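Participant: Pasting a structure below so you can have a look.
No value in this document is a laboratory result; all are computed from the given coordinates. Here the structure is a predicted model, which means the values were calculated and not measured. When we count neighbours, we look across all protein chains shown, and the Cβ atoms used for this are built from the backbone with ideal geometry, even at glycine.
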Amino acid sequence: MKKHEISIKTARQIKSEATVNKIINVTEKMLKKYGMEALTVSNICKEADISNGTFFHYFKSKNYLLAYFLNDGFHNYLQTNGKNFNTICSMSKDFRESIINIYLEYINYCEYIGIDFISQYYIPQNSILNRYNENNDEYFTDIVSMYILEKLNEAYANGLIKAVCDIDEIEKDLCIIIKGIIFDWCLSQGKNNMKLKTKQLLSVYLDAVSVRPDH
């Protein structure tokens, strides 16, 4: 958007944003007060004073809402700590470190949210976590994946990633590694060191797809 342009929102857009924010705020309050088990679509609608139809107009399912909640929460978490993706990358020595540092921030956020929520979100039954089903109606593209893909494409264009590599597949592989680390953390009841595993496993993977400086 150019500096002299003014973005004017319609009454419908303002109402839509207000409704979405209301649902998100109610979700946050219910999670803090009652936990995940009480977080049903019916209970959310009752607490937010909206119809089920209104809920499904904005969110395809409860899992879709939770994905949005995590996504929005991570964005706010970074802002609260005076960070964003650009500042994280600016403090990294190369694209590999940038990617690792972005995921480390997400790991910090998962620990901040707490294992009670994360262990009930990162489950096999949550179809939103399935990145390979092209027919998945609940497919949700989070801001982390979008930015990681942007950094990978940038690195590929600069000749830093092997030409035979598929960037989309690399991003999916990284996502699988992170999901595995988080699943393992949940299985260990929060005892495993996610940050250490993130550094170790992502370093090995990214080194394997990167072009060596002497080539």
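Participant: Between Glu169 and Asn76, with labels modelled 7 Å along Cα→Cβ, what's the label distance in nm to one decimal, could you check?
Facilitator: Result for the modelled spin labels: 3.9 nm.
Participant: Can you tell me the 0 to 90 degree angle between the C-alpha axis of helix 11-34 and the longest principal axis of the chain, rounded to 10?
Facilitator: 90
Participant: Specify the residue with the greatest mean-square fluctuation among Lys46, Lys197, Lys62, computed from a Gaussian network of the chain linking alpha-carbon atoms under 10 Å apart.
Facilitator: In this elastic network of the chain, the residue with the biggest mean-square fluctuation among Lys46, Lys197, Lys62 is Lys46.
Participant: Putting +1 on Lys and Arg Cβ atoms and -1 on Asp and Glu Cβ atoms, find which of Gly82, Phe59, Ile176 reaches farthest to the positive end of the dipole of the chain.
Facilitator: Of the listed residues, the answer is Gly82.
Participant: Considering the dipole of the chain built from charges on the beta carbon (Lys and Arg +1, Asp and Glu -1) around the Cα centre, which of Leu202, Tyr103, Ile161 is farthest to its positive end?
Facilitator: Tyr103
Participant: With only Lys, Arg, Asp and Glu charged, each at its Cβ (+1 for the first two, -1 for the last two), find how big the charge dipole of the chain is about the Cα centre; round to the nearest 20 debye. Numbers along the way, then the final one.
Facilitator: Details: 25 positive and 26 negative charges, 124 e Å.
In debye, rounded to 20, the chain gives about 600.
Participant: Which value, in debye to the nearest 20, describes the size of the charge dipole of segment 32-83 about its Cα centre when Lys and Arg Cβ atoms bear +1, Asp and Glu Cβ atoms bear -1, and nothing else is charged?
Facilitator: 100
Participant: So, one more: Using the reciprocal of the averaged 1/r over all distinct C-alpha pairs, how large is the Kirkwood radius of the chain in Å?
Facilitator: Numbers: mean 1/r = 0.0521 Å⁻¹.
With all distinct Cα pairs of the chain included, I get 19.2 Å.
Participant: I'd like the orientation of helix 95-113 relative to the chain: the angle between its Cα long axis and the longest Cα principal axis, in ° from 0 to 90, rounded to 10.
Facilitator: Value to nearest ten degrees: 30.
Participant: Run the reach check for Lys83 against aspartates and glutamates, Cα to Cα strictly under 19 Å, same-chain hits fewer than 8 apart removed. What comes back?
Facilitator: Asp72, Asp94, Glu97, Glu105, Glu111, Asp142, Glu150
Participant: Given only helices, namely DSSP H runs of n ≥ 4 each adding -39500 (n - 2.57), what is the per-residue ellipticity at 222 nm of the chain, to the nearest 500 deg cm²/dmol?
Facilitator: Result for the chain: -21500 deg cm²/dmol, rounded to the nearest 500.
Participant: Now a separate question. What angle do you read, to the nearest 10 degrees and between 0 and 90, between the alpha-carbon axis of helix 194-209 and the longest principal axis of the chain?
Facilitator: For helix 194-209, the angle is close to 50 degrees.
Participant: Over 28 Å between C-alpha atoms is what I'm after, so list which of Lys29/Lys197; Lys15/Lys60; Lys62/Lys162 land there.
Facilitator: Violating the 28 Å Cα-Cα cut-off are Lys29/Lys197; Lys62/Lys162.
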